[in-house]
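A short reminder: the numbers here are calculations on the coordinates, not readings from a lab. Note that the structure is a prediction, hence the values are computed from the model and not measured. We place every Cβ from the backbone using ideal geometry, glycine too, and count neighbours over all the protein chains shown.
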Amino acid sequence: MDIIVCLKQVPGTTQVKIDPQTNTLVRQGIKNITNPFDTYALEAAIRLKEQYGGKVTAISMGPPQADEMLREAISLGADEAILLSDRAFAGADTLATSYTLARAITKIEKYDLIICGRQTIDGDTGQVGPELAEMLSLPFVAYVSKIEEINNGQMRVQRMIEEGYEVIEAPLPAVISVVKEINVPRLPSLRGITRAKSAVIPAWGAKELDADQDRVGLAGSATRVIKIFFPQRGKRAEILQGSPQSQVASLVTKLRENGLI
Amino acid sequence: MEYFLSEQQKTIRSLARKIAEERILPVRAELDEKEEFPWAIIRDLAASDMFRVFIPEEYDGLGGGCLDLCLVVEELSRVCSSVAISYAAVDLGIIPLLEYGTEEQKRKYLPDVAAGKRLAAFAITEPMAGSDASAIRTTAERVKGGYLLNGTKQFITNGGEAELYTVIALTDKTRGARGASALLVEKDTPGFSFGKKERKLGIRASSTRELIFQNCFVPEENIIGREGMGFIVTMRLFDKSRPGIGAQAVGLAQGALEAATDYARERVQFGHPIFSLQAVQHMLADMVIQVEAARALVYATARTVDSGAKDVSGESAMAKVFASDMAMKVTTDAVQILGGAGYMRDYPVEKMMRDAKITQIYEGTNQILRNVIAIELRKRKGRRD
Ligand SMILES: Cc1cc2nc3c(=O)[nH]c(=O)nc-3n(C[C@H](O)[C@H](O)[C@H](O)COP(=O)(O)OP(=O)(O)OC[C@H]3O[C@@H](n4cnc5c(N)ncnc54)[C@H](O)[C@@H]3O)c2cc1C
Ligand SMILES: Cc1cc2nc3c(=O)[nH]c(=O)nc-3n(C[C@H](O)[C@H](O)[C@H](O)COP(=O)(O)OP(=O)(O)OC[C@H]3O[C@@H](n4cnc5c(N)ncnc54)[C@H](O)[C@@H]3O)c2cc1C
């Protein structure tokens, strides 16, 4: 059972600032972390390996400092890691990101399952997983909350939906994206940290991926960001205080006064 | 303070701190309240290789020594001393094996301990034999192929939870202290059961229990060292383990110091944070001086142990006594700085104060250890080498 996990390094805060000139994220001075949903993806992969044997490969498209995140993945139990890094990849939207990841996965060749997080906490689109599946012509299951069984080239998983969950069977290889309900990620181990320190993490660029220059980075992005902004915070907010009962009572009174109920 | 730790030791320390802050901190009050053995955390420690730290590489360990153990214990204790001692008691339980065990015994048991699959414990104390360990009454009668163990051990840390027990018993009642031997007893051996689980002032999430042996057969290959070596094994064990109790005390005091400093900076009385009061500043200054002095002594002692020095009884005893007396004082002062809030369970310092007391009592009371230190002092005529 060979598993590829897609990891993205994101700013370790939800209060990201956006450069009004370039409409890109201001990344200076913010500590990077592994996208939280991707830590569940990695844990799911490691557990599958522990159960069925095989190998876990972590991949990430990002700047050179994503190397640090990939080492952490190794310290947690990933066997190998590959960084996809190239100036040409800069400015990628989900389409170009997915294309780049798909090229890498094709180059890796041997895999049974690809696991993504449900979405990132910066880009937030949740599009990379399904786009990746589409490009690789593989089945895709989103919001997986449990991997029930893997058997004879088939997987049976539970996926969260609003009213409960669905059980889905799909042939492997496949792509899934996972939700946080799937597991509690482990902490690194001392032996893992030692392994991670000396691990060789290759960096693949556009050349190594034999990627079409027009499909990576800004050139390959269908999205043009016109403007990103936070909605204005309302100045007339009022915070109710007191016991829950009295707060509810005064809320109801206020809603009535304003003719809202 | 620069303690010249190796890269590996820094990694160990920072991972232990991460585990303490991420996994232990959220549950420590609840564990204390419920007096519940912290199994989930023990499993986290195992998965993070923390039980490998003090085991040689040949047996799947990381080959660390006393200092490495102290670093883990200190970090765990900074957040929760119950967890720290449950961890340290495993080391206590296997030091005899490490020091005197045969290759076969080590191969059989150590890899599982390293993986955290089996916890260990050490048992010498009995109802009638505390400080006077030579008064033990548990017997190990020689029978064909092994020993029949009879008697009751009391106050045994990890009792009931550990899989592996190093038990000191008399193989020859006529020879007194020279007739004691160390035996490895596995949980679930017929004739071996557990008695009362103690309800304690502090370290409440750790397990402290009676071990009851009734015609419990232990195969002869489970003797550690030779017959009659029980007390030598025990002395050597405590020489190596006492710095660990010192580290437990340092960690506790560090936690209390941090809590008191944070509180003093936030708490406003008479219009200013109480940190601005010189009376409080001086208390905190004394606390940090003592914590750092104790840490320095504990680390230096641990390094002396790791150097392979032959006689470290005096040093080990000093590290344990100084650090534990310090922890009692510092945690008490921390409660004082938090005032009424410090007395309440909503804040961690009352627990730290309760937890600190035990460090003055077990692995030799501080009175007994002062006796040890005085004996060494007399032997060396007060000189240092
Ligand atoms: C409106 C908008 C404007 C943007 N503008 C810019 C811009 O100007 N410049 C810029 O650089 N970026 C920009 N981005 C970010 C970039 O397009 C996305 O971050 C990137 O394509 C991945 O999409 P996502 O973060 O939404 O991932 P999602 O689709 O939410 O991620 C799902 C999963 O896919 C995997 N995954 C996602 N990204 C990676 C990766 N890089 N490597 C490995 N696995 C991954 C992870 O498993 C992740 O959990 C913008 C995003 C949006 C939505
Ligand atoms: C929580 C807990 C965990 C423990 N875990 C373990 C364990 O894992 N394994 C194990 O074997 N034991 C364990 N013990 C036992 C512990 O080591 C003993 O409690 C300790 O050695 C003291 O013995 P005692 O309680 O019988 O006190 P006593 O020996 O009865 O001492 C009572 C008082 O008299 C003083 N005193 C006694 N003799 C002298 C002397 N000669 N000079 C000066 N003062 C003296 C003592 O200092 C003390 O103040 C544990 C105890 C506790 C409370």
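Here are the numbers:
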| item | result |
| --- | --- |
| Size of charge dipole - chain B - debye, nearest 20, with Cβ of Lys, Arg +1 and Asp, Glu -1, no other charges | 1020 |
| Fraction of antiparallel bridges per DSSP, the protein assembly as shown only, in percent to nearest 5 | 65 |
| Two-site FRET efficiency, residue B:131 against residue B:276, from Cβ-Cβ distance with R₀ of 45 Å, rounded to 0.05 | 0.45 |
| Relative contact order of chain B, pairs being alpha-carbon contacts under 8 Å that are 6 or more residues apart, as % | 16 |
| When each of A:197/B:108; A:146/A:197; A:227/A:254; A:197/B:10; A:17/A:197; B:153/B:200 is checked by Cα-Cα distance, pairs over 25 Å | A:197/B:108; A:146/A:197; A:227/A:254; A:17/A:197 |
| Helix axis angle, B:313-342 relative to chain B longest principal axis, alpha carbon, degrees | 40 |
| Pairs of lysines in the range B:231-380 (C-alpha under 24 Å apart; 8 or more residues apart or interchain) | 12 |
| Contour minus Cα-Cα distance for residue B:289 and residue B:117 (0.36 nm per residue) | 58.0 nm |
| Distant-in-sequence amide H partners of residue B:229 (H built 1.01 Å from N, under 5 Å) | B:182 |
| Between 0 and 90°, nearest 10: helix B:66-79 axis offset from chain B longest Cα axis | 50 |
| Inter-label distance for residue B:177 and residue A:240, nm, one decimal - labels placed 7 Å from Cα along Cα-to-Cβ | 7.4 |
| Residue list for the range B:207-244, given a label point 7 angstrom along the Cα-to-Cβ vector of residue B:385 and an amide N cut-off under 18 Å | B:236, B:239-240 |
| Stretch gain in nm, segment residue B:4-residue B:194, where the contour uses 0.36 nm per residue and the Cα spacing is subtracted | 64.0 nm |
| Percentage relative contact order, the range B:7-114, counting C-alpha pairs under 8 Å, at least six apart | 30 |
| Kyte-Doolittle mean at least -1.0, axial Cα span of 18 Å or more - DSSP H helices of chain A | A:36-52, A:94-108, A:244-257 |
| Acute angle (nearest 10 degrees) that the helix B:278-306 long axis makes with the longest principal axis of chain B, alpha-carbon atoms | 30 |
| Bridge type composition, the range A:114-217 - antiparallel percent by DSSP, nearest 5 | 65 |
| Using a Förster distance of 30 Å, the FRET efficiency for residue A:249-residue B:346 (Cβ separation, nearest 0.05) | 0.55 |
| Those lysines that a straight Cα-Cα span of less than 22 Å connects to residue A:110, excepting residues fewer than 8 apart in one chain | A:8, A:49, A:55, A:207 |
| Separation of the residue A:26 and residue B:142 label points, Cα + 7 Å toward Cβ, nm | 8.2 |
| Cα-projected label distance for residue A:166 with residue A:258, points at 7 Å along beta-carbon direction, nm | 3.8 |
| Cα coordinate range in chain B, projected on the principal axes (Å, largest first) | 78, 49, 41 |
| Contour minus Cα-Cα distance for residue B:307 and residue B:221 (0.36 nm per residue) | 27.9 nm |
| Top of A:53, A:91, A:29 by mean-square fluctuation, Gaussian network on chain A, Cα under 10 Å | A:29 |
